[in-house]
Amino acid sequence: MTEIASLARYSRLQRILHWLTVLAVLTTIPAGLVMVQEGLPRPLQDWLYLYHKNIGPLILMLVLARLAARAAWPPPPLPVSVPPMQARIADTVHWLLYLFLLVMVISGFLRVQAGGFPMEIWDPLVGGFVARDKAVEAVAKTIHHWGRVPLMLLILAHIGAAALHGLVKRDGVFSRMWPPA
Ligand code: HEM
Ligand code: HEM
């Protein structure tokens, strides 16, 4: 049996949650980047805002579910060919990905509520959770604006590493998270 075939995978639940997160995040970021551009046709801009604000809390739920699943089923061991330093870097990137996703959801939520704007389909649940406050709105807006940079860099590094393992090294690391279900 090859090393690839014998390597343990993330659980099915963890793989489903991972790929749902990818779908949500890789549509939410472009929506955010495009919707803040000036001169967009109004219907398109409204649609993007609606999509962006509605998906945010789903990303929060996915991250919390993933953290709970990770506590229940720790990541399967990496192949022995992965040097310990590389494994530590990968682990750090994974924690930073979780952290910056949380930062983006929380700052986005605060920016909208403290600014007095609707949270769309989530309003019946969280409407009025945070009072209008110009100072909070300004800080949250700055964090949300700048938080996109580390998050996108982390995602690029993560995808690059995954592609390297999946396409070049073919050492079984990628198959730990594949197929999605
Ligand atoms: C409840 C969750 C979220 C809400 C309510 C929300 C809301 C917003 C709002 C209102 C803007 C417009 C920025 C402004 O003009 O101040 C924005 C921009 C943006 N959002 Fe979110 N967001 C949420 C979650 C996220 C998440 C999870 C990500 C990333 C995964 C993200 C990425 C972005 C990006 C990249 C921009 C463009 C920022 C810029 O260029 O200034 N957002 N978001
Ligand atoms: C929005 C984009 C993405 C985010 C936020 C993300 C997040 C994560 C996180 C947090 C982990 C660690 C799981 C854990 O142990 O708790 C992980 C693992 C993994 N991801 Fe992603 N991911 C993204 C996109 C991708 C893409 C596009 C690929 C494939 C090209 C990929 C492939 C993998 C693989 C193979 C692992 C297992 C790696 C290992 O355990 O060392 N990810 N991802």
Could you grab the pairs with beta carbons closer than 7 Å, sequence gap of 6+ or different chains, first residue in the range 38-63 and farther than 23 Å from L97 by Cβ, second one surrounded by 14 or more Cβ atoms within 10 Å (Cβ to Cβ)?
Q45/M35; L48/A31; L48/M35; Y49/M35; L50/E120
Which condition number does V80 fail, the rest of (1) modelled with pLDDT of 95 or more; (2) not in a helix (DSSP H, G or I) being met?
(1)
In the range 88-98, is there at least one residue being free of Cβ contacts under 8 Å to residues at least 40 places away in the same chain, over 23 Å from F129 (Cβ atoms), outside any helix (DSSP H, G or I) and out of contact with any Ser or Thr (no Cβ under 7 Å at 6 or more places or on another chain)?
no
Please work out which one of (1) within 26 Å of V34 (Cα to Cα); (2) in a helix (DSSP H, G or I) is the condition P124 fails and give its number.
(1)
Within the range 146-167, is even one residue at pLDDT below 95 and either among the basic types (K, R) or not in a helix (DSSP H, G or I) (or both)?
no
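If you go through the range 27-54 one residue at a time, how many are near ligand 1 (Cβ under 9 Å from one of its atoms) and closer than 17 Å to G147 by Cα? Let's see the steps before the verdict.
Narrowing the range 27-54 to residues near ligand 1 (Cβ under 9 Å from one of its atoms): 28-37, 49, 52-54.
If we keep only those that are closer than 17 Å to G147 by Cα too, we end up with 28-36, 52-53.
Matching residues across the range 27-54 total 11.
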Based on what the data block shows, is H165 without any contact (Cβ under 8 Å) to a residue 12 or more places away in the chain and touching an Asp or Glu at 6+ places or on another chain (Cβ under 9 Å)?
yes
Scanning for something more than 9 Å from ligand 2 (Cβ to nearest atom), free of Cβ contacts under 8 Å to residues at least 24 places away in the same chain, in a helix (DSSP H, G or I) and surrounded by fewer than 17 Cβ atoms within 10 Å (Cβ to Cβ), does the range 6-24 turn up at least one residue?
yes
The lone exception for G32 - which of (1) small (G, A, S); (2) over 18 Å from F117 (Cα atoms); (3) more than 12 Å from ligand 2 (Cβ to nearest atom) it fails:
(2)
Here are the criteria: (1) surrounded by fewer than 17 Cβ atoms within 10 Å (Cβ to Cβ); (2) more than 18 Å from L58 (Cβ to Cβ); (3) within 16 Å of ligand 2 (Cβ to nearest atom); (4) not aromatic (F, W, Y). Tell me which single one L102 does not satisfy.
(2)
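The values are calculated or read from the model by the stated rules, or taken from the named source; none is laboratory data. Bear in mind that the values here come from a model prediction, so they are computed numbers and not experimental data. With ideal geometry, Cβ positions are generated from the backbone for all residues, glycine too; neighbour counts draw on all protein chains shown.
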